[in-house]
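Here's the structure, in structure tokens; my notes come after.
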Amino acid sequence: MKTKVEVKNLTKKFGDLLVLDNISFNVEQGDLLCVVGPTGCGKTTFLNSLTKIYEATSGQILLDGEPVDPRRQNISYIFQGDSTMPWLTVAQNVGFGLDIKKVSKSRREELVNKYLDVVGLTKYKDYYPNQLSTSMLQRVSIARAFATEPDLLLMDEPYGQLDMELRFHLEDELVRLWKMTGTTVIFITHNIEEAVYLSNRIMILTNKPTSVKRIMDNELPRPRDVTSSKFVELRNEVTELIKWW
Ligand SMILES: Nc1ncnc2c1ncn2[C@@H]1O[C@H](COP(=O)(O)OP(=O)(O)O)[C@@H](O)[C@H]1O
Ligand SMILES: [Mg+2]
């Protein structure tokens, strides 16, 4: 197995506030790593350090063995909530990341059409975001992220505000796309059930100052059944490790 991301002794402080405290871990190529930790422990700060939105106080993050650099490396980031651009059509939103990366017009069209189809939005490609439901908006964001065929996809609690049925639906879609593309995904959540449902590995963070409490494999067969005894067992195990309440 090839190591995709290496986090080495990452520390992040805001003034006197120590948020990430000497964190080290690896993400393997093709992982769907779910990171769980309490609100305020530094999950977003970690992603922002990875994408260089924030500068780390100390330590290093390597992608494919080189210091991470989102200007040169192909990283997609899906933020919490709706991130579509209201003045662009669905197809233009899906192609947005490709415009930035300056791919050819024909390749752009090919990728946009492919990922519109994959998320079932072909019929809606000329619609504007305000004409779409919440679930369709989320699928636009997912299609946009996958259309760049990223080496690394970062997702920051993307389904946190959605109702359960919709969340299940989008989680299944993510798993399908992840399997189809083999993309390495880091998925942040504070929802333990979501982490057990999605991941092939789970990383549990402590409260601030934040360190890695445990990284565990999740080999439950797919499709997963949240009511199965094995699922409930693993969910309980993760819950015991967390107990941040
Ligand atoms: N730009 C910033 N300036 C100062 N403090 C920050 C900044 N960004 C985050 N923090 C603080 O860092 C801690 C972790 O925040 P965050 O990464 O957003 O947590 P999480 O995403 O796990 O909920 C919080 O205490 C937050 O107030
Ligand atoms: Mg956050």
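Filtering region 215-227 to residues that are open to solvent by 40 Å² or more (accessible area, probe 1.4 Å) and part of a loop (DSSP other than H, G, I, E, B) leaves GLU219, PRO221, ARG222, PRO223, ASP225, THR227. Within region 201-214, restricting attention to residues that are in contact (Cβ under 8 Å) with a residue 40 or more places away in the chain and not in a loop (DSSP other than H, G, I, E, B), which residue is farthest from ligand 2 (Cβ to nearest atom)? It comes out as ARG201. Residues that are at pLDDT below 95, touching a Ser or Thr at 6+ places or on another chain (Cβ under 9 Å) and open to solvent by 90 Å² or more (accessible area, probe 1.4 Å) do occur in region 93-103. Step by step: first the residues of region 131-151, then only those that are surrounded by fewer than 19 Cβ atoms within 10 Å (Cβ to Cβ) and touching a residue at least 60 places away in the same chain (Cβ under 8 Å), then the one that is nearest to the chain's Cα centre (by Cα). Which residue is that? For region 131-151, the residue satisfying everything is ASP151. Scanning region 119-158 for residues that are of a type in the set (Phe, Trp, Tyr) and in contact with a Pro (Cβ under 9 Å, 6 or more places away or on another chain) turns up just one, TYR128. Scanning region 44-73 for residues that are within 15 Å of ligand 1 (Cβ to nearest atom) and either small (Gly, Ala, Ser) or open to solvent by less than 10 Å² (accessible area, probe 1.4 Å) (or both) turns up LEU47, SER49, LEU50, ALA56.
For region 83-92, the tally of residues that are open to solvent by 30 Å² or more (accessible area, probe 1.4 Å) and out of contact with any helix residue (DSSP H, G or I) (no Cβ under 8 Å at 6 or more places or on another chain) stands at 2.
Would you pick out the residues in region 186-199 that are of a type in the set (S, T, N, Q) and open to solvent by 40 Å² or more (accessible area, probe 1.4 Å)? Within region 186-199, ASN191 is the sole residue that qualifies. The set of residues from region 33-67 being closer than 15 Å to LEU18 by Cβ and assigned to a strand (DSSP E or B) comprises SER58, GLY59. When region 152-172 is filtered for residues that are under 13 Å from the mean Cα position of the chain (by Cα) and more than 16 Å from ligand 1 (Cβ to nearest atom), the ones remaining, listed by number, are LEU152, LEU153, LEU170, GLU171. Name the residue that is nearest to LEU50 (Cα to Cα), counting only residues in region 10-32 that are outside any strand (DSSP E or B) and within 14 Å of ligand 1 (Cβ to nearest atom). Applying the filter and picking the extreme gives GLY15. Taking the numbered list (1) free of Cβ contacts under 8 Å to residues at least 12 places away in the same chain; (2) open to solvent by less than 20 Å² (accessible area, probe 1.4 Å) in turn, LEU154 passes all entries but (1).
So, of the residues in region 26-54 that are at negative phi, over 15 Å from the mean Cα position of the chain (by Cα) and not β-branched (Val, Ile, Thr), which turns out to be modelled with the highest pLDDT? Only one residue fits best here, namely ASN26. If you go through region 104-130 and keep only what is outside any loop (DSSP other than H, G, I, E, B), open to solvent by 80 Å² or more (accessible area, probe 1.4 Å) and in contact (Cβ under 8 Å) with a residue 24 or more places away in the chain, you end up with LYS114, ASN130. Any chance you could count how many residues in region 215-244 are farther than 20 Å from PRO158 by Cβ and either touching a residue at least 60 places away in the same chain (Cβ under 8 Å) or among the polar types (S, T, N, Q) (or both)? Selection size over region 215-244: 8. Just one residue in the set GLN29, GLN80 is polar (S, T, N, Q) and surrounded by 15 or more Cβ atoms within 10 Å (Cβ to Cβ); that residue is GLN29.
The values are calculated or read from the model by the stated rules, or taken from the named source; none is laboratory data. Just so you know, these numbers come straight off a predicted model, no measurement behind them. Please note: Cβ atoms are built from the backbone with ideal geometry, for glycine as well, and neighbour counts cover all protein chains shown. Only protein heavy atoms, including side chains, enter the accessible area calculation; ligands, DNA and RNA are left aside. Shrake-Rupley method; radii C 1.70, N 1.55, O 1.52, S 1.80 Å.
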